[in-house]
Amino acid sequence: MNDENGRSTATDIAGTVGAGPVDADIDDVARPLPVPMPGGSTAGGAAPLALPAELAARVGDYARASRSASTWRAYDSDLRQFRAWCARRPAAPSALPATAATVAGYLATLADAGYKPSTIRRRLAAISVAHQLAQHPNPAAAPEVGAVWDGIRRTRGVRPTRKTALDTDLLTRVVAGLRDDDLADIRDRALLLVGFAGCLRRSELVGLDVADLVETADGLILTVRRSKTDQEGEGALVGIAYGSYRPTCPVRAWRAWAQAADLRQGPAFRAVSRHGHVGATRLYPGSVARVVQRRVAAAGLDPADFAGHSLRSGFATAAARAGVADRSIMRQGRWRSSASLDGYVRAGRLFDRDNPSGRVGL
């Protein structure tokens with residue numbers, strides 16, 4: 001698999017594919033993963049497999065397809081950083097295979113340089129995957145490396161800084177400034193409201209096709225064909241109910257955009273030129289963040305406080321504040337674990353009826 005510039009996206013990780021998401025903790029990639037390589041060998045230079053060259057190449061193609069190109073680019077970048085660090089050390093210690101002492105020193109250097117724990121964790125995961133695929137002993141699993149990582153977590157903390165959640169009140173304020181006679185405004189209203197009510201990730205939102213949004217008597221049925229937690233493409237159905245207020249109804253907003261842009265097939269959300277021309281190709285995931293930031297700025301909010309993910313986090317926060325059960329929020333947002341949802345739910349329930357600070361007679 002090549003990236004958009006034609007370069008292999010897995011060459012720095014033993015030339016093959018790996019495991020675990022980019023932000024996986026090291027425990028998530030702790031099992032050996034010997035994967036056949038193109039040309040009939042296994043990662044790390046093990047004994048050749050008795051496969052014809054053409055079949056071996058297809059094995060490699062399918063193996064690389066087990067993870068997205070963006071995942072491979074992230075792994076490649078992290079491993080290049082580690083190799084460059086090793087090359088600058090006295091006596092240039094080996095990066096692959098690396099010793100536990102080398103990896104522990106690398107983590108300590110990153111922490112002292114001010115890198116976020118999430119970045120350090122991702123780089124540790126890349127080192128772990130590379131060693132597993134090359135069938136080398138995994139230094140990331142060594143006790144001394146684990147002790148250093150635990151120390152970094154305790155010292156630096158592990159919770160990332162979140163952008164502001166675009167909850168119902170803020171979203172209502174934002175879409176109130178959108179016009180009904182401007183094509184870009186009509187698109188952005190639908191993009192914001194569908195993304196919010198569907199609790200969609202950026203990639204899921206821009207990945208929708210017209211055929212994936214079906215209007216029924218109850219509301220919209222969305223078919224999310226692939227997502228971050230569904231790399232195999234099993235797909236999921238998401239229901240979006242009609243809104244109580246026409247200006248903030250996601251179903252009516254989608255209908256208005258589809259009619260105004262004369263959408264019949266292909267991407268659901270597309271670029272709109274300054275002259276009101278609707279493009280043929282879908283928006284990029286990064287476009288969602290730009291739309292959010294541009295529209296919140298127009299509403300008098302600081303765009304630096306918001307990102308594309310603010311729609312998803314805003315929905316979870318608003319749902320928790322409204323007393324919706326965690327299980328229902330997880331189903332709408334397709335979260336696999338309650339731990340992932342916990343930060344949003346906690347923020348939404350800080351001032352629920354069980355908050356004791358209002359009951360102590362102040």
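The values are calculated or read from the model by the stated rules, or taken from the named source; none is laboratory data. Being a predicted model, the structure only gives us computed values, none of them experimental. Virtual Cβ from ideal backbone geometry, glycine too; neighbours counted across all protein chains shown.
What to note about this one:
- Within the stretch 249-264, the residues that satisfy the criterion of being within 16 Å of residue 221 (Cα to Cα) and surrounded by 20 or more Cβ atoms within 10 Å (Cβ to Cβ) are 249, 250, 251, 253, 254.
- Selection of the stretch 141-191 for residues being in the same structural domain as residue 308 (by TED's automatic domain parsing), in a helix (DSSP H, G or I), out of contact with any Gly (no Cβ under 9 Å at 6 or more places or on another chain) and hydrophobic (A, V, I, L, M, F, W, C) yields 174, 175, 186, 190, 191.
- Residues (within 16 Å of residue 103 (Cβ to Cβ) and of a type in the set (Gly, Ala, Ser)) located in the stretch 127-184: 128, 130, 134, 140, 141, 142, 146, 147, 151
- Among the residues of the stretch 309-329, those identified as out of contact with any Lys or Arg (no Cβ under 8 Å at 6 or more places or on another chain) and either outside any loop (DSSP other than H, G, I, E, B) or not assigned by TED's automatic domain parsing to the domain that holds residue 250 (or both) are 311, 314, 315, 316, 317, 318, 319, 326, 327, 328, 329.
- From the options 323, 286, 348, residue that is surrounded by fewer than 16 Cβ atoms within 10 Å (Cβ to Cβ) and over 17 Å from residue 201 (Cα atoms): 323
- Number of positions in the stretch 141-171 that are under 30 Å from residue 256 (Cβ atoms) and surrounded by 14 or more Cβ atoms within 10 Å (Cβ to Cβ): 8
- Condition met for residue 280 (exposed (fewer than 11 other Cβ atoms within 10 Å of the Cβ), in the same structural domain as residue 199 (by TED's automatic domain parsing) and on the phi < 0 side of the Ramachandran plot): yes
- Checklist (1) out of contact with any strand residue (DSSP E or B) (no Cβ under 6 Å at 6 or more places or on another chain); (2) touching a residue at least 12 places away in the same chain (Cβ under 8 Å); (3) of a type outside the set (Val, Ile, Thr) applied to residue 302, failing item: (2)
- Residue, surrounded by the fewest Cβ atoms within 10 Å (Cβ to Cβ), within the stretch 198-210, restricted to residues that are farther than 20 Å from residue 272 by Cα and either out of contact with any Gly (no Cβ under 8 Å at 6 or more places or on another chain) or free of Cβ contacts under 8 Å to residues at least 12 places away in the same chain (or both): 201
- Filter result for residue 346 (part of a loop (DSSP other than H, G, I, E, B) and at pLDDT below 90): no
- The listed residue being assigned to a helix (DSSP H, G or I) and of a type in the set (A, V, I, L, M), out of 98, 91, 104: 104
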